[in-house]
1. Only one of (1) at pLDDT 95 or above; (2) open to solvent by 40 Å² or more (accessible area, probe 1.4 Å) fails for His251. Which number is that?
2. Looking at (1) more than 22 Å from Asp279 (Cβ to Cβ); (2) of a type in the set (Val, Ile, Thr); (3) open to solvent by 60 Å² or more (accessible area, probe 1.4 Å), can you tell me which one Val502 breaks?
3. Yes or no: segment 69-76 includes at least one residue that is open to solvent by 60 Å² or more (accessible area, probe 1.4 Å), over 24 Å from Ala170 (Cβ atoms) and at pLDDT 95 or above.
4. From the list Arg3, Arg51, pick out the single residue that is surrounded by fewer than 21 Cβ atoms within 10 Å (Cβ to Cβ), more than 16 Å from ligand 1 (Cβ to nearest atom) and at pLDDT 95 or above.
5. For the structure I just gave you, tell me whether Gln404 is open to solvent by less than 20 Å² (accessible area, probe 1.4 Å), on the phi < 0 side of the Ramachandran plot and outside any strand (DSSP E or B).
6. When you look at Arg396, is it more than 30 Å from Ile538 (Cα to Cα) and among the basic types (Lys, Arg), yes or no?
7. Here are some residues: Leu59, Leu4, Leu65. Which one is within 23 Å of Pro123 (Cα to Cα) and within 8 Å of ligand 2 (Cβ to nearest atom)?
Amino acid sequence: MPRLEPATRALADDGTPISPRYGDVYHSADSGPGQAHHVFLGGNGLPERWRGRASFTILETGFGLGVNFLATWQAWRADPARSRRLHYVAIEKHPFLRDDLAALLAAYPGFAELADELAGRWPPALPGTHRRAFDDGRLVLTLVLDDVESALRRLDAVADAIYLDGFAPARNPAMWSPQVLRGVARHALPGATCATWSTARAVRDALADAGFALETRPGFGHKREMLAGRRLPRGTPRGPTTPSPPDGERHAIVVGAGLAGASAAWQLARRRWRVTLVDAAAGPATGASSLHAGSFHPLVARDDSLLARLSRAAFLHALDAWRELERRGHAIAWSRCGVLQLARRHGGDAALRATIDELGFPASFVEFVDADTGSARAGLRVDRAGAWFPEGGWARASSIVRAQLDEVSSRHDARFLASRRVASLARTADGWRVMDASGECIADAPVAVLANATDLARLSPIGTPVRSVRGQVSHVPAAALAPPRAVVIGHGYVLPAIGGIVVAGSSYDVESTQAEPTPASHEGNLARLRALSPEIVIDAEAAALGGGVGFRAVVADRLPIVGALPDLEQPGGSVDRVALRDGLFAIGAFASRGLVWSSLAGEILAARIDGDPLPVETDLAAAIDPARFVRRARRRAAG
Ligand SMILES: Cc1cc2nc3c(=O)[nH]c(=O)nc-3n(C[C@H](O)[C@H](O)[C@H](O)COP(=O)(O)OP(=O)(O)OC[C@H]3O[C@@H](n4cnc5c(N)ncnc54)[C@H](O)[C@@H]3O)c2cc1C
Ligand SMILES: C[S@@+](CC[C@H](N)C(=O)[O-])C[C@H]1O[C@@H](n2cnc3c(N)ncnc32)[C@H](O)[C@@H]1O
């Protein structure tokens, strides 16, 4: 993705926000909120059209200041007959920085409360898709920070209403090109409406060509006319094809109550799904998610690789989701103390500097630091440069699991079935049944989600093994060394002292099933700790250390698996069309990054199940699709 260039805050002589880049105003000089109501809400038949709907989706080209968004949110909140959920999907190439946005929005006192919420949750200026759930998940903003054309190409959403709000076509032709308007039409449901203040001939022609029946209506303020359109039935829209099921069928079994299962359960429960959570253990978070604490941070890569983009999306999503859990009164054990990721030992400094310079990301996300600066930030002497992630840190997975499950159980009819190991599953007339070793039914539901880590592919194969990789962390008493202030990561990693314990990790033991800590793994962890900091003195014997053992679930490409499960017994129509097991889903294979992956993975999974717009670009969703291994094998076989 190209470097993101934020918008510049500027006002025209009459006080209307203006873009020096495009030489045009952000909204009618007569009134931004007035234009939003007349042109965009009114032109799309809102609020009437969302009334009584379970879910309604608006797509906007050009988020700008969010005046249209705030006017829509306010109207939706005030409407007692509003849809249960409102999705607002918006595309913006040049977002404002948070302070500029807040300052500009202060000029709209009617939006004060909502504008504060928006600015408070405003994402950093980083390319990609940013999702924000407001009003306890009932109003969902999906903000795609990218050029409109590539954003539309990678968007997985279908819209009921469309706001076309670029700058004037003469000054901003890229927003109104025939390709872009055809792209918009591909995301419009049959009968979807669109509206814009522009009546330019080229816009009318391109919209008509793209399949919209248009009419001119009285314009807002000094504008004589505006355009309103309706999508004629034509082609298949690009977005979720499964409609959200009716209330009676919104029941899902989730197998596994670690980071994966809890995140999926939370996102389903806030979408009004009844969740039955089943775990083999006596309580939640007893597997890999039981470890004392782990690190969370994104990855960066010079070509902003798929893994880097996915980890950024997931990291930013987790920060927002965990803060939301805190706002809702849950105690999360975490600290954004910063993460120092050391450069590779030989020649890594220059390469890392070049990567970070080239990406041009804000320092609030990542910064190149030399060995001295890194040492000062981390409070630990290191001998190499590194990438500094100021918002990264450590978190205790079990506290996140508990917070999410408390949210689940505070909603209707949630159940947690402890000490029930799922031995098999079977298709029923209405969905899925999970059974114990004696064949007794544990639970039945239209939808089942497998979140049982290393055991997942046993219940439903995915065409590749899910390997179990043992890991051991060592608990070094804080008094036995001078603990760092931040997380430091090289070949191994060390966390700051948490409750008198410094976690150092971790072993990666592919074949082992040893569930108890071993002195040999402690030795390995201490050696990794010494390699992080040449001057570190550790006043402790490996044999005397405490620690924790967990088993990571890992697939060949080390990416998570999130989505519908493939049906290996069905041949499938074509190489790329893998048959799916209707109503059966998976979330997991988080390997060594469960803290980073889990929150976004839960959101993606629930969006898939409920037919919502996806919170990530289509290529990222495809990279974690559980059917990818089958698809790849078929492509290889087809030559
Ligand atoms: C040593 C070590 C260090 C790590 N450090 C970090 C780190 O620093 N940062 C980071 O982000 N991640 C780290 N991880 C990875 C992270 O812990 C995992 O990715 C994450 O916990 C996986 O969550 P999960 O829910 O998929 O699996 P788990 O937490 O293992 O949960 C799976 C659940 O499924 C249940 N289950 C299994 N089979 C069945 C069945 N048949 N029926 C019913 N229930 C079943 C289990 O009882 C368990 O509760 C580390 C992992 C290890 C091992
Ligand atoms: C008229 S303003 C939108 C005002 C906005 N709807 C509001 O309610 O505040 C047009 C927006 O389109 C954005 N834009 C211009 N060209 C773009 C492109 N090629 N891709 C995506 N966004 C673009 C601009 O940065 C600007 O924010």
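The values are calculated or read from the model by the stated rules, or taken from the named source; none is laboratory data. Bear in mind that the values here come from a model prediction, so they are computed numbers and not experimental data. We place every Cβ from the backbone using ideal geometry, glycine too, and count neighbours over all the protein chains shown. Side chains are part of the model used for accessible areas, which takes the heavy atoms of the whole protein and leaves out ligands, DNA and RNA. Shrake-Rupley method; radii C 1.70, N 1.55, O 1.52, S 1.80 Å.
1. So His251 meets the others, but not (2).
2. It is condition (3) that Val502 fails.
3. Filtering segment 69-76 down to residues open to solvent by 60 Å² or more (accessible area, probe 1.4 Å) leaves 74.
Within this subset, residues satisfying the condition of being over 24 Å from Ala170 (Cβ atoms) are 74.
Within this subset, residues satisfying the condition of being at pLDDT 95 or above are 74.
Yes, some residue in segment 69-76 is open to solvent by 60 Å² or more (accessible area, probe 1.4 Å), over 24 Å from Ala170 (Cβ atoms) and at pLDDT 95 or above.
4. Testing whether each residue is surrounded by fewer than 21 Cβ atoms within 10 Å (Cβ to Cβ), more than 16 Å from ligand 1 (Cβ to nearest atom) and at pLDDT 95 or above leaves just Arg51.
5. Numbers: open to solvent by less than 20 Å² (accessible area, probe 1.4 Å): yes; on the phi < 0 side of the Ramachandran plot: yes; outside any strand (DSSP E or B): yes.
Judged against the criteria, Gln404 is a match.
6. On the way: more than 30 Å from Ile538 (Cα to Cα): no; among the basic types (Lys, Arg): yes.
Criteria not met by Arg396.
7. Values: Leu59 fails: within 8 Å of ligand 2 (Cβ to nearest atom); Leu4 fails: within 8 Å of ligand 2 (Cβ to nearest atom).
Checking each option against the conditions leaves just Leu65.
For (1) within 16 Å of ligand 2 (Cβ to nearest atom); (2) assigned by TED's automatic domain parsing to the domain that holds Glu569; (3) closer than 30 Å to Gln570 by Cα; (4) free of Cβ contacts under 8 Å to residues at least 40 places away in the same chain, each residue gets a yes or a no:
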{"site": "Gly439", "(1), (2), (3), (4)": "no, yes, yes, yes"}
{"site": "Leu456", "(1), (2), (3), (4)": "no, yes, yes, no"}
{"site": "Ile498", "(1), (2), (3), (4)": "no, no, no, no"}
{"site": "Asp509", "(1), (2), (3), (4)": "no, no, no, no"}
{"site": "Ser521", "(1), (2), (3), (4)": "no, no, no, no"}
{"site": "Leu532", "(1), (2), (3), (4)": "no, no, no, no"}
